[in-house]
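These notes concern the structure reproduced below.
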Amino acid sequence: MPEPKEAKILDPALGLIAAFVAIALYFPATQFSWAWDDRVLVSSRGTMVLEGFRPLASLLFRLGWNFGYGTPLIAHLMSVLLHGVATLLFFWLALSLGAGSVLAFVTSLLFAAHPVHIEAVAYVSGRPDLLATGLALAALLLARRREVCTPEGCRSWKIWPAYVAYAAALLSDEVALATPFVLAGLDRWGPVRVPWSRRRVHYSGFAAITLVYLLVRFTSSHGVPSSDAAAMGVEPAARAWAVPMAIYESLRVLFVPHPLNALRTLTAAETASAASRIAPLLALLAVALFVGLRRRDPLARAGAVLLLVPLIPSLPVFPFVGSYVEDRALYFASVGMCLLAGSLYTLIVARAPRPGLVLAILGIGVAAVSAAETQQRLPVWKDNVTLLLAAARTDPTDPLPHAMLADYFANEGNWPAAESAIDRAVKLEPKNHSFLIRQVMILNRRGKYDLSAEAAHKALAILPNDPVTLSNLSDALVHTDKPAEGAEAARRAVALDSTLVDGWYNYGVALAAAGKNTEAIEAYQRTIALNPNNVLARNNLGALLGQSGRLEEARDLYRRLVVEAPGSIEAHMNLALVYLRLGNKDAAARERDTVKRLSPNAAQQLDVVFREHQSQLPVLRETRPNARR
């Protein structure tokens with residue numbers, strides 16, 4: 001097994017320069033926020049990953065969380081530095097496969113700048129693939145050292161660092177399962193063929209580590225993943241073509257980077273044509289023809305191994321987990337793609353008068369174009385909004401990004417933006433019941449009750465017995481002065497789901513608006529029985545008790561409520577009014593002072609009621625909030 005060409009003084013410097021370029025290119029990502037499935041890291045304080053058996057990756061997530069005090073800065077910085085290390089390891093791997101210093105440098109620059117790496121580097125939850133690839137490259141370099149591959153080195157302790165690196169890679173991500181097969185491929189098709197007899201012990205060691213990993217993984221709490229876990233994003237009717245289409249899509253992403261689509265899926269329509277079904281075969285044939293043409297170049301042979309073998313764990317194949325064609329899952333396979341690019345470089349410049357100079361210019365130029373594309377796409381992963389907006393721009397006919405944006409804006413309380421996003425989703429898919437019920441909720445929060453009722457009727461035309469839609473329709477109807485219709489909608493909602501808290505609450509609001517106080521009291525009592533902490537229902541129940549002359553019950557209810565919810569202005573105001581009606585002016589004045597501390601404007605309203613008390617009894621305040629999820 002050969003060592004890299006006789007080390008030149010410039011080699012370490014070139015490798016470090018490539019690593020520095022990788023770090024500098026992605027350094028802006030250190031200012032990014034959490035995005036996408038990072039919510040799992042945030043909710044678990046860095047202790048969980050979304051999928052798979054990745055204890056080492058989880059440990060790094062936890063360290064990043066602790067050192068970053070819950071901010072994403074350290075987590076992003078760790079990913080950027082790991083990409084720099086991976087680039088340096090790629091440089092040394094290219095040298096070990098027979099590439100000259102300049103060729104190894106320009107292919108390393110391409111690896112550093114390739115746009116397919118954005119998801120693995122700029123997205124914190126994409127780090128497992130990055131970490132596993134770096135450790136797998138380290139294992140390959142350690143296992144292919146000359147002193148390890150001699151007959152005397154078969155049982156040497158010097159192979160153990162490679163074993164450790166491989167085990168660590170497996171504990172980072174399942175893509176590392178490709179490492180032993182890549183090693184065997186490089187031994188057979190690399191610069192110098194390594195006999196099986198020299199590797200038998202080493203292969204056995206890697207196989208033993210693999211078996212232990214699989215045993216631990218499948219007997220742990222993660223268990224054996226279901227077949228559905230390997231087919232996320234694939235329509236059931238398209239699953240027969242998922243693997244070949246994923247191969248084609250992955251090769252297309254690697255060799256011809258296209259705009260980001262973080263929500264990449266496969267539909268039956270996309271696999272229906274003969275052209276789409278033959279495309280994977282043509283893509284593989286193109287790779288085979290190039291490697292056949294360059295079969296004397298070890299870089300081409302090794303590139304094919306490092307492209308195709310790591311591609312297998314990224315495919316939607318049981319027992320691997322993940323969505324259909326994820327950019328981050330192609331980080332390992334991109335090593336082979338960049339090596340193939342290096343072989344193409346040498347083919348292009350072979351007849352040039354000064355091939356070294358032409359190679360440098362060509363390689364740096366291609367890397368610069370890739371870096372420009374990466375810089376353009378990198379800000380997409382800044383946060384959830386930029387990511388979903390980019391996905392929407394990539395496929396303007398896909399309503400899902402708009403619906404997810406609506407959810408995100410609603411959670412943030414940005415209701416105008418939520419309305420705009422859900423309107424676009426409904427326009428693209430007007431018969432989607434899920435989109436319509438979200439539109440109903442958002443329009444209610446925006447106070448556009450006529451439009452909300454119209455959207456609710458459309459949703460009910462699709463699914464007539466949906467209690468949540470009926471409940472939100474009730475709220476819209478009450479706000480458009482149709483309390484009787486609102487009460488009927490809410491009655492249907494709670495008849496369908498007697499545990500629907502918002503249904504009972506809206507039923508109480510509608511009945512009270514229709515003047516049916518006795519029934520409204522019962523509805524509020526059912527609401528409170530289901531959710532004793534519902535401040536709005538308790539406040540409205542107290543108001544109805546007071547209006548029904550049950551002042552002592554209202555007083556006792558409000559006394560408990562102001563203790564449990566001391567910040568409720570309505571509860572303090574209504575307690576003051578109850579005291580006033582019971583003739584306890586001192587207690588009413590004390591509550592008035594509390595209201596003034598909470599809200600001077602509310603205290604002014606209360607003073608008006610106090611002044612009018614001499615002429616008529618004050619009416620307690622009922623609350624009518626907008627619809628809720």
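The values are calculated or read from the model by the stated rules, or taken from the named source; none is laboratory data. Everything numeric in this text was worked out from a predicted model, so none of it was measured. Heads up, the Cβs are rebuilt from the backbone with ideal geometry, glycines too, and the neighbour counts pull from every protein chain shown. Surface areas here come from the heavy atoms of the whole protein model, side chains and all, with no ligands, DNA or RNA. Shrake-Rupley method; radii C 1.70, N 1.55, O 1.52, S 1.80 Å.
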Self-check item: Extreme residue, modelled with the lowest pLDDT, among residues of region 215-256 that are in contact with a Pro (Cβ under 7 Å, 6 or more places away or on another chain), crowded, with 18+ Cβ neighbours inside 10 Å and of a type outside the set (G, A, S)
Solution: P225
Exercise. Quick one: in region 271-294, of everything that is within 30 Å of the chain's Cα centre (by Cα) and polar (S, T, N, Q), which residue is surrounded by the most Cβ atoms within 10 Å (Cβ to Cβ)?
Key: T271
Quiz prompt | From E552, E485, residue being open to solvent by 70 Å² or more (accessible area, probe 1.4 Å) and touching a helix residue (DSSP H, G or I) at 6+ places or on another chain (Cβ under 6 Å) | solution = E485
Quiz item: In region 295-312, is there at least one residue being assigned to a loop (DSSP other than H, G, I, E, B), open to solvent by 20 Å² or more (accessible area, probe 1.4 Å) and either among the aromatic types (F, W, Y) or touching a residue at least 40 places away in the same chain (Cβ under 8 Å) (or both)?
Solution: yes
Self-check item: Within region 531-546, considering residues that are surrounded by fewer than 18 Cβ atoms within 10 Å (Cβ to Cβ) and touching a residue at least 12 places away in the same chain (Cβ under 8 Å), the one nearest to K596 (Cα to Cα)
Solution: V535
Quiz item: For region 68-82, how many residues are among the small types (G, A, S) and without any contact (Cβ under 8 Å) to a residue 40 or more places away in the chain?
Solution: 2
Quiz item: When both residues are 6+ apart or on different chains and their Cβ atoms are under 8 Å apart, which pairs have a first residue that lies in region 413-440 and is hydroxyl-bearing (S, T, Y), and a second that is at pLDDT below 95 and buried (at least 17 other Cβ atoms within 10 Å of the Cβ)?
Solution: S434/A403
Quiz item: Looking at region 15-64, which of its residues are among the charged types (D, E, K, R) and either outside any helix (DSSP H, G or I) or modelled with pLDDT of 85 or more (or both)?
Solution: D37, R45, E51, R54
Quiz item: Taking only pairs six or more apart or across chains, which ones have beta-carbon atoms under 7 Å, a first residue in region 554-576 that is under 21 Å from P600 (Cα atoms), and a second residue that is open to solvent by 70 Å² or more (accessible area, probe 1.4 Å) and in a helix (DSSP H, G or I)?
Solution: G567/L598; I569/L598; H572/L598; L575/R559
Quiz item: Before we move on, is D481 over 35 Å from the mean Cα position of the chain (by Cα) and either farther than 27 Å from R581 by Cβ or not in a helix (DSSP H, G or I) (or both)?
Solution: yes
Practice problem: Any residue in region 378-391 that's in contact (Cβ under 8 Å) with a residue 60 or more places away in the chain: show its pairings with residues that are outside any helix (DSSP H, G or I) and open to solvent by less than 10 Å² (accessible area, probe 1.4 Å) at Cβ separation under 8 Å, as long as the two are six or more apart or on different chains. | Solution: W381/A35; W381/Y123; K382/A35; D383/A35; N384/A35; L387/A35
Quiz prompt | Yes/no for V116 being in contact (Cβ under 8 Å) with a residue 60 or more places away in the chain, over 28 Å from A57 (Cα atoms) and among the hydrophobic types (A, V, I, L, M, F, W, C) | solution = no
Exercise. Within region 284-304, track down each residue that is of a type outside the set (K, R) and in contact with a helix residue (DSSP H, G or I) (Cβ under 6 Å, 6 or more places away or on another chain).
Key: V291, D297, L299, A300, A302, G303, A304
Quiz prompt | Answer residue from region 55-67, given it is touching a residue at least 60 places away in the same chain (Cβ under 8 Å) and open to solvent by 30 Å² or more (accessible area, probe 1.4 Å) and is nearest to V124 (Cα to Cα) among those | solution = L60
Quiz prompt | Selection count, region 195-206, where residues are closer than 13 Å to I159 by Cβ and either out of contact with any Cys (no Cβ under 9 Å at 6 or more places or on another chain) or outside any helix (DSSP H, G or I) (or both) | solution = 4
Quiz item: Considering only residues of region 156-178 that are over 31 Å from the mean Cα position of the chain (by Cα) and in a helix (DSSP H, G or I), which is modelled with the lowest pLDDT?
Solution: W157
Quiz item: Out of region 355-373, which residues are β-branched (V, I, T) and closer than 16 Å to F111 by Cβ?
Solution: I364, V366, V369
Self-check item: Condition broken by A406, with the remaining ones in (1) within 30 Å of T71 (Cβ to Cβ); (2) of a type in the set (A, V, I, L, M); (3) open to solvent by 30 Å² or more (accessible area, probe 1.4 Å) satisfied
Solution: (3)
Practice problem: Would you list the helices (runs of 4 or more DSSP H) that sit entirely within region 69-155 and hold 1 or more residues that are buried (at least 24 other Cβ atoms within 10 Å of the Cβ)? | Solution: 73-96, 101-113, 118-122, 127-143
Quiz item: Does I437 satisfy being open to solvent by 30 Å² or more (accessible area, probe 1.4 Å) and either β-branched (V, I, T) or within 28 Å of the chain's Cα centre (by Cα) (or both)?
Solution: yes
Exercise. Taking only region 378-398 into account, find how many residues are under 21 Å from S33 (Cα atoms) and open to solvent by less than 50 Å² (accessible area, probe 1.4 Å).
Key: 12
Exercise. Out of the residues in region 463-477 that are among the polar types (S, T, N, Q) and assigned to a helix (DSSP H, G or I), state the one that is surrounded by the fewest Cβ atoms within 10 Å (Cβ to Cβ).
Key: T469
Quiz item: Would you say T518 is β-branched (V, I, T) and over 28 Å from K427 (Cα atoms)?
Solution: yes
Practice problem: Scan T480, T499, T518 and give me the residue that is out of contact with any Cys (no Cβ under 9 Å at 6 or more places or on another chain), open to solvent by 20 Å² or more (accessible area, probe 1.4 Å), closer than 18 Å to G542 by Cα and among the hydroxyl-bearing types (S, T, Y). | Solution: T518
